[in-house]
Amino acid sequence: MVVKIGRAREFDTEQALELAMNLFWRKGYEGTSMSDLTDTLGITRASLYAAFGNKEALFRAVLDRYEAKAGQYRVNALEAPTAREFARELLDGAVALHGEKNNPPGCLGVQGALACSDEGAAIKKELMARRLAGEGAVRRRLKRAKAEGDLPPKSNPADLARYLSGVIYGITVLAAGGAGRKELQGVADIALRQWPEDENGR
């Protein structure tokens, strides 16, 4: 979509969101200044406000874009036929995303959640809500697996969901610290070896 600002200024909002996403991904919410945004997008502050509202509103739009693109592996994993394959797809998806050298290091959501000032409080709350929603989707999938006998009777889907989430967020932190895809895959493989077997010992 092309938005016209004033008489002559036009820009592609999709391109602007892509640029803003990569900027926030690299620098986090609080680490990204309005000057960073206007310089990267090539527009004035007035144009940015007219198109997106404010920095917080732009970041929320960027989060939606990030989840729809970078987070697609989570959605795809929900279609896996077994709990183990579901866990494998989640972990491998995280490794593929955060081990890709062309992507900014780390995770946009984790970077943003590090916000601690009053300015970042609303964003931190938003990111926590999204994290819990994502964990809830994992928990529901694992509850179904347990009901179908695909997990041991004594397994706890909530604990397993937190476990997977913790490993995935750990992968993003390692990636932000410079770990390569091979190292990240090693973490994922070890985590999967701890996965409980189903009633048939699989």
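The values are calculated or read from the model by the stated rules, or taken from the named source; none is laboratory data. Quick caveat, the model's predicted, so the values are computed rather than measured. As a convention, Cβ positions derive from the backbone with ideal geometry for all residues, glycine included, and neighbour counts pool all protein chains shown.
The figures follow:
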read-out: Candidates V95, V75, V62 - the one that is closer than 15 Å to M21 by Cα and of a type in the set (A, V, I, L, M, F, W, C); value: V62
read-out: Leading residue by the ranking (nearest to the chain's Cα centre (by Cα)) among those in segment 27-41 that are modelled with pLDDT of 90 or more and among the small types (G, A, S); value: S33
read-out: Residue among E10, E100, E67, E89 that alone is modelled with pLDDT of 95 or more, out of contact with any Asp or Glu (no Cβ under 8 Å at 6 or more places or on another chain) and surrounded by fewer than 20 Cβ atoms within 10 Å (Cβ to Cβ); value: E89
read-out: Those residues of segment 27-73 which are in a helix (DSSP H, G or I), touching a residue at least 60 places away in the same chain (Cβ under 8 Å) and closer than 19 Å to E119 by Cβ, in sequence order; value: K27, E56, F59, R60, L63
read-out: Search result, residues across segment 128-183 that are on the phi < 0 side of the Ramachandran plot and outside any helix (DSSP H, G or I); value: E148, D150, L151, P152, P153, K154, S155, N156, G177, A179, G180
read-out: Segment 120-139 - residue that is touching a residue at least 12 places away in the same chain (Cβ under 8 Å) and among the basic types (K, R) and, of those, surrounded by the fewest Cβ atoms within 10 Å (Cβ to Cβ); value: R131
read-out: Pick from segment 161-182, criterion closer than 16 Å to R140 by Cα and free of Cβ contacts under 8 Å to residues at least 60 places away in the same chain, ranking: surrounded by the fewest Cβ atoms within 10 Å (Cβ to Cβ); value: R162
